[in-house]
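Please treat every number below as a calculation from the coordinates, not as lab data. None of these values were measured; they are calculated from a predicted model. Neighbour counts run over all protein chains shown; Cβ positions are idealised from the backbone, glycine included.
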Amino acid sequence: MRSISLILAITLTGTAYAQQGPVKTDAYHYKIEKAITASKGAVVSAHPLASQAGLLMLRQGGNAVDAAIATQLALAVVYPAAGNLGGGGFLVAHLKNGKNIAIDYREKAPAAASRDMYLDQNGHANTALSQDGHLACGIPGTVAGLFASLPYAKLTIQQLIAPAILLAEKGYAITEREASSLNKRRDEFKKLNTQENAFVKAPLWKAGDTLIQKDLAATLKRIRDNGRAGFYEGETARLITAEMQRGHGLITTADLKAYEAKERTAVTFPYKAYQVVTMPLPSSGGIALQQMMGMVEPYPLNAWGFHSVAAIQLMIEVERRAYADRAKYLGDPDFVKVPVKELTAASYLKGRMADYDPKKAGISKYVPAGSIYESTETTHLSVMDGEGNAVSVTTTLNGSYGSKVVVGGAGFFLNNEMDDFSVKPGVPNMYGLVGAEANAVAPGKRMLSSMTPTIVLRKGKPYLVTGTPGGATIITSVFQTLINVLEFNLSARQAVDAPKFHHQWLPDEVVVEEDFDQTPLDHLQRMGYKIERGTTIGRVELIKINEKGMLEAVGDKRGDDSAAGY
Ligand code: GLY
């Protein structure tokens, strides 16, 4: 690796940080920390440099919201596959004053979008258009979300954005995983872009190469100097709309100027002695999680044991039912009326399990609903501070590098979130899945999400902060992580790294991770389940308060995820 002393901590925090001992992280010699224990604050995210940026804010006197904002901005630089300025996300927080907040900065369909925009003249869905290139892009929400979070923070945007600017301007050494991911997409980056960008390199990227993003640094500086107008108006807006015009996309200056993040009421529900705080619509995550937790609660999961056949089968069956409801009923609540109260009522959930048979597999075609496709590239970060604040953020471009369109001159990828709409309601898409009218495309509408940033309270105080990327598997990953801790008493590390399984109603099959034990699967197959071994499910970031009251932060083994704390 290049030996340059770009020492983030010293540069950014001066003496305050230097007094606290030797600095361990610089942009060229950082270390992935899978699990740490801390007493005053902890951050865990998809990249060690982003976690360090959050930690710096805590050390500078910021709270968990400050750390979450700085970590997101740093991820936009050091994790371009999913960290973003050109995407959207959700923030759930429990504040030290006892208030829960949920900030929705999901992308929106441009004003010129229409219900059938991805259908050809014969009425066939062309998902290539909703997944790649300029027509796939929703109006980005991330920058509006950061500014909507700022009133809950203590530091200034100038302080919070400084690490991201430094990392973009001076560069950082990329990991092996990043090098291979950028190289894999090289042809698409070339095909789908109208101008040169920082992500295509000849010869190919290798671990330790420095990624410098000058255009992105300039965009970040405009945000630093002009606030949200530095993105939604002026030069950045001009560059986005010029990019749209070159690539025949739909986003206009009026779309950008009109974009607003929304503060919504968090989904909260009890699970035994705990209180769960999670994301409401337009994410399906919170409602589906409430349904799944509500459906398993009456059963003796703890007695059955971790990954026992009985426990796995019950959890598969509740996943099947929650995903069926998701597909039929859920969509942007600003556009469709969703029967949330009815879907989460205890009596309804009990009725939903009336046909559950512990001896054999359920059959999805007898569960009335549709389903939708979602891609798996998203990113999550979890933060707790010493003041009693906890923040859980999931943010996304949708697919890996989103639409693969880099805004010429502005240096960031735009999302392909339009594919999270049902591009043709009621008809199977290229993945064999169907969606419903509730999630059809409409101008200004937010597409349904699965992102499930979640906080669990014990005696009213933060106990777990968690979330994950993984598209449709997000909800099952969060569900299983919570059950792993709350029912099976696994440690934070075990709960995150445990192999997962996933059922989403359609296709009617259980996907399990490569390292899943074969013995319970043999039993499940005999009961009638179709089992598919997949690659990985989720990339969970978890902070848990341990028996000694310390913060245990764990980054998932499935990526470069890394924890930081003090
Ligand atoms: N794009 C993934 C999600 O929002 O669920």
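Say each of ASP225 and THR37 gets a label point 7 Å from the Cα, pointing the same way as Cα to Cβ; how far apart are those two points in nm?
With each label placed 7 Å out from Cα toward Cβ, I get 4.8 nm.
Note down the nm distance, to one decimal, between modelled labels 7 Å out along Cα→Cβ at HIS248 and at THR535.
It is 3.0 nm.
By DSSP, what percent of the beta bridges with both residues in the chain are antiparallel, rounded to the nearest 5?
95
Give, in nm to one decimal, the length gained when the segment between LYS557 and ASP508 is fully stretched (0.36 nm per residue of separation minus the Cα-Cα distance). Each step should come with its number before you reach the end.
Working: separation 49, 0.36 × 49 = 17.64 nm, distance 2.81 nm.
In short, 14.8 nm is gained.
Using a Förster distance of 56 Å, how high is the FRET efficiency between ARG186 and GLU437, based on the Cβ-Cβ distance and rounded to 0.05?
With R0 = 56 Å, the Cβ-Cβ based efficiency is 0.90.
Hey, how many Å between the Cα centroid of the stretch 29-43 and the Cα centroid of the stretch 431-480?
After rounding, the separation between the Cα centres reads 26 Å.
Run the helix sum for the chain: -39,500 (n - 2.57) per DSSP H stretch of 4+ residues, divided by residue count, reported at 222 nm to the nearest 500 deg cm²/dmol.
Only helices count here, giving -10000 deg cm²/dmol.
Using a cut-off of 13 Å between beta-carbons, work out the net charge of the residues near GLY145 (Lys and Arg +1, Asp and Glu -1, GLY145 not included).
Surrounding charge for GLY145 is +2.
If each residue of separation counts as 0.36 nm, what is the full-extension length gain between ASN97 and ARG177 once their alpha-carbon separation is subtracted?
Full extension of this stretch gives 24.8 nm more.
For ALA207 and ALA346 in the same chain, what is the full-extension length gain: residue separation times 0.36 nm, less their Cα-Cα distance, in nm? Numbers along the way, then the final one.
Working: separation 139, 0.36 × 139 = 50.04 nm, distance 5.14 nm.
The span from ALA207 to ALA346 would gain 44.9 nm if fully extended.
Provide the FRET efficiency to the nearest 0.05 for the ASN126-GLU260 pair, computing r from the beta carbons and using R0 = 30 Å.
Working: r = 30 Å, r/R0 = 1.02.
Using R0 = 30 Å, I get an efficiency of 0.50.
Could you please rank LEU464, LEU160, placing first whichever residue has the fewest other Cβ atoms within 10 Å of its Cβ?
Details: LEU464 25, LEU160 31.
Neighbour counts put them in this order, fewest first: LEU464, LEU160.
So if I take the centroid of the Cα atoms in the stretch 203-259 and the same for the stretch 100-149, what is the distance between those two points in Å?
17
Using only alpha carbons, build the gyration tensor for the chain and give me the equivalent ellipsoid semi-axes, biggest first, whole Å.
Output for the chain: semi-axes of 34, 29, 21 Å.
Got a sec? Which residues in the stretch 250-264 would a label at SER114 touch, if it sits 7 Å along Cα→Cβ and we count backbone N under 16 Å?
Only 250-251 pass the distance filter.
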